[in-house]
1. Would you mind finding the one in Ile61, Ile49 that is open to solvent by 70 Å² or more (accessible area, probe 1.4 Å) and on the phi < 0 side of the Ramachandran plot?
2. Could you check, for segment 70-82, whether at least one of its residues is modelled with pLDDT of 95 or more and outside any helix (DSSP H, G or I)?
3. If a residue must be open to solvent by less than 10 Å² (accessible area, probe 1.4 Å), within 16 Å of the chain's Cα centre (by Cα) and of a type in the set (Gly, Ala, Ser), how many such residues does segment 1-27 contain?
4. Here are some residues: Met65, Met5. Which one is in a helix (DSSP H, G or I) and under 18 Å from Phe123 (Cα atoms)?
5. With the structure loaded, tell me whether Ile77 is open to solvent by 30 Å² or more (accessible area, probe 1.4 Å) and more than 17 Å from Thr20 (Cβ to Cβ) or whether it fails that test.
6. Would you tally the residues in segment 80-128 being touching a Cys at 6+ places or on another chain (Cβ under 8 Å) and open to solvent by less than 20 Å² (accessible area, probe 1.4 Å)?
Amino acid sequence: GTNFMAAVSAACIVPPLITTFAVIVGKKYFSQEDHDAGVVNLILGCTHITEGAIPFMTKNIWPVMPIMMLGSSIASILTIMFNVHDPAPHGGFLVLPVVENGPLWVLAILIGAVVGGILFVAFKKYKTPAISTLVRFMKINHPIPAPELVVPKIISALIRPLHALAHPVRIPERI
């Protein structure tokens, strides 16, 4: 339905916004060319054009793609939790007038973009995969963590407190 479409739209909008946040906050870690592309991604992301994030992913696919996936997942899950509905299949923020709970949709997208942007800057600053840093921090014991094992645990750890605020219902321990 329209709740699912809002989540899909949020997931598509977030990756270019992650690059925008990263190149602005961590400007010294990016080339001028990447900085310019990241700034342009603000326009692309806001209009639901995800492809602007592809050049950033192709340079460092392993750490950057999971960062984009995590930011998009956070935005999508929050969109569903906030009961946002988007009857338009495409358009980014241009369709905001028809989005039910639009301010919460924008908030969900911004949270996903900021979390992803912080991780992207951390990756660029320390030149280590941000996901591996999170894995070590969360004490997930896998020598070479497989994304399908790590990402759900990270998402759960990030979403659980937000879900508790929005819905005082107990969530199962496993996702």
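1. Details: Ile49 fails: open to solvent by 70 Å² or more (accessible area, probe 1.4 Å).
Matching residue, one of Ile61, Ile49: Ile61.
2. Yes, segment 70-82 has at least one match.
3. Residues in segment 1-27 being open to solvent by less than 10 Å² (accessible area, probe 1.4 Å), within 16 Å of the chain's Cα centre (by Cα) and of a type in the set (Gly, Ala, Ser): 5 in total.
4. Numbers: Met5 fails: under 18 Å from Phe123 (Cα atoms).
Result: Met65 is the single residue among Met65, Met5 that is in a helix (DSSP H, G or I) and under 18 Å from Phe123 (Cα atoms).
5. Numbers: open to solvent by 30 Å² or more (accessible area, probe 1.4 Å): yes; more than 17 Å from Thr20 (Cβ to Cβ): yes.
For Ile77, the condition - open to solvent by 30 Å² or more (accessible area, probe 1.4 Å) and more than 17 Å from Thr20 (Cβ to Cβ) - is met.
6. Qualifying residue count for the region: 1.
The values are calculated or read from the model by the stated rules, or taken from the named source; none is laboratory data. Everything quoted here is computed from the prediction, not taken from an experiment. Here the Cβ is made from the backbone with ideal geometry for all residues, glycine too, and neighbour counts use every protein chain on show. These accessible areas exclude ligands, DNA and RNA; they are computed on the full protein's heavy atoms, side chains included. Shrake-Rupley method; radii C 1.70, N 1.55, O 1.52, S 1.80 Å.
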